[in-house]
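Notes follow once the structure below has been shown.
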Amino acid sequence: MEVTKEMITDSNKITTAESKMDKVHTKTKLSNKQSDKYSAQYFTFLSKETCIAVTIVLIAIIAVLTFSFKEYAKCFIEKEQSNIRKYWVYGKNVKSGHLNNVFLVLDRLGYKEYSNATDWDLLWAHDYPFRAIPSKLINLKPHQKVNKMPGSAYITSKVDLVTSGLKYIPPAFRLPKDKQKLLEYAEKNPNVQFVQKNNNHRNIFIRKIDEIDMEKEGTFVQEFVDKPLLVNGYKFDIGVFTIFTSVDPLRMYIYNGESGLRFCAAPYYPFNASNVDKYVVGDNYLPLWEVPEIEYFYNTLGFNMKESLNAYLRSKNKNPDVIWEQIEDSLRIVGLAKEQHIIAAMKEYPSKRSFFEMMRFDFVVTEDLKVYLMEANMSPNLSSAHFTANQILFEQVIFNLFGLVGIGERTTRNTVVTGLEQEMQVADKNIVVFPTECNSSTCRTSCVSPLCQLCRPCLSDETKMTLKQAYIEHVNRGDCKRIFPPSMKPEKLEEDLKQYSAENQLHYRWFQGKCLLDASWCV
């Protein structure tokens, strides 16, 4: 094949082109290497900036989450704490053990002790608080409750009670003020013996009239109740736990599930006035479960002290109902007589619904079943340290007390009750009474008639609140028995209520109205 001049020229052109392409390729390689170098430097720089930015963002997110968690935890804790009901204790030596049963029941009900003297749901005062800490009690919130009533000392003061001249209380004379009255009474009753006491109810001895120190301040002399009812030869007293939930109107209850029975340490006969263990129930009293003629009912058959006494008396052909009827009547008389003192003392406080009080009234019984009231104890012993067998008694007393006054509620709640929650427990429909009378033309047009005053259109907000509180007490009363207003019969309702205050008359009639609708309200 002949190589032409044109072919050589084309070959040279191709070689030249390839050479140029190689140069371009070489330059491209160099350019790519430089580009990779710059990219690496760029991405290295970018990675550092990104890492810093990401780190900052992560730190910010963690900080926000941490803060949010703390706020959530704080809200959760605050919510949990708001659901915890708190109590505050006032008194001397409250940690000595004598209130352990109170603390135990409160703990079981979900209450926690609180040291703050203002933010609490219950104040348990062992001592009378109204003189010592008035500033803590003058502005109570609606949900706060105090286990003492202003003015209740008119009942629990020994000398004030026994010198009141009320039925069922043995005659007593304040010295030296009533010295002349005492001498005149002794002259008219030469066979009567006396005991001289002080307000602490200590150092009690039987004395003849000429042995009494007539000038001793702070003491009183009281007629000695002789011929007591004996069980197995021992004199005893009956302690009845009594609860005041309201005054103006007055509502009183007793703990009906049990009564405390304490026997003198020594047999009554042969009688010896110098041996006080024969006629005074002291700290070393004989417990019922060690009294032979009655212990079988308690220890073996399992009855409580009250029912053991009832069974024993029936076995002796005696009617125990006579005793309990007198006891309830005595308590009503005291409550009504002292109510005005409590009302007057309570006027210093915004709401009378903030207070309740449980006392123990002590009675003795004579051989002919006459009952005498001896004293009322402001802060009754609720400790089972001396006799552990009393623990269940005191726990049940405390538990029923708290249920009655709304401290041991059936609902778990915040300290502040909402309107809907309140209506869930009691609404207007639960307190209306006398449907026929309220439908009459008289009550449709006027609220003047006593019965019309209880018709729903005539009820004030204050009266509604009072009746709703009474309704809740009735529902939650447990083993507590209402003694004022007293038991009633639907077929024989008392109409003459003039001996009572206007508020007590209205309240009494309301209970009558409830009794007519539901027999459980009659007792």
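Bear in mind that the values in this text are calculations on the coordinates, not laboratory data. These numbers come from a predicted model, not from an experiment. So basically every Cβ, Gly included, is an ideal-geometry build from the backbone, and we count neighbours across all protein chains shown.
Of note:
- Gain in span if fully extended, K216 to D283, counting 0.36 nm per residue against the direct Cα distance: 21.6 nm
- A Förster distance of 51 Å, applied to the separation of the beta-carbon atoms of A132 and Q422, puts the FRET efficiency at 0.95.
- Residue exposure sequence - L175, L106 - by fewest surrounding Cβ within 10 Å: L175, L106
- Label-to-label distance, K347 versus D329, with points set 7 angstrom from Cα along the beta-carbon direction: 3.4 nm.
- Dipole magnitude of region 285-432, debye to nearest 20 (Cβ charges: Lys/Arg +1, Asp/Glu -1, about Cα centre): 320 debye
- Entries of K177/K481; K92/K145; K179/K318; K181/K316; K95/K227 with Cα pairs more than 30 Å apart: K177/K481; K179/K318; K181/K316; K95/K227
- The calculated Kirkwood hydrodynamic radius for region 116-162 is 11.8 Å, given to one decimal from all distinct C-alpha pairs.
- Pairwise FRET efficiency - S446 versus Q193, Cβ, R0 = 45 Å, nearest 0.05: 0.15
- Rounded to the nearest whole angstrom, the semi-axes of the ellipsoid equivalent to region 188-292, taken from the Cα gyration tensor as √(5λ), stand at 27, 23, 12, largest first.
- Expressed per residue, the C-alpha convex hull volume of region 464-523 stands at 80 Å³.
- One quarter of the convex hull surface built on the alpha carbon atoms of region 93-211 amounts to 11.1 nm², the projected area averaged over directions.
- Normalised contact order of region 101-163, rounded percent, pairs of Cα under 8 Å and 6 or more residues apart: 30 percent
- The three principal axes of the Cα atoms in region 239-362 give end-to-end lengths of 54, 36, 22 Å, sorted in falling order.
- Highest average packing first - 313-325, 140-152, Cβ atoms within 10 Å: 140-152, 313-325
- Spin-label model, I56 to N430: label points 7 Å out along the Cα-to-beta-carbon direction sit 6.2 nm apart.
- Residues W289, W521 arranged by fewest to most Cβ contacts within 10 Å: W289, W521
- Residue order, fewest to most beta carbons within 10 Å, for R353, R262, R456: R456, R353, R262
- Peptides 89-100, 207-218 ordered by packing proxy, namely the average of other Cβ atoms within 10 Å per residue, highest first: 89-100, 207-218.
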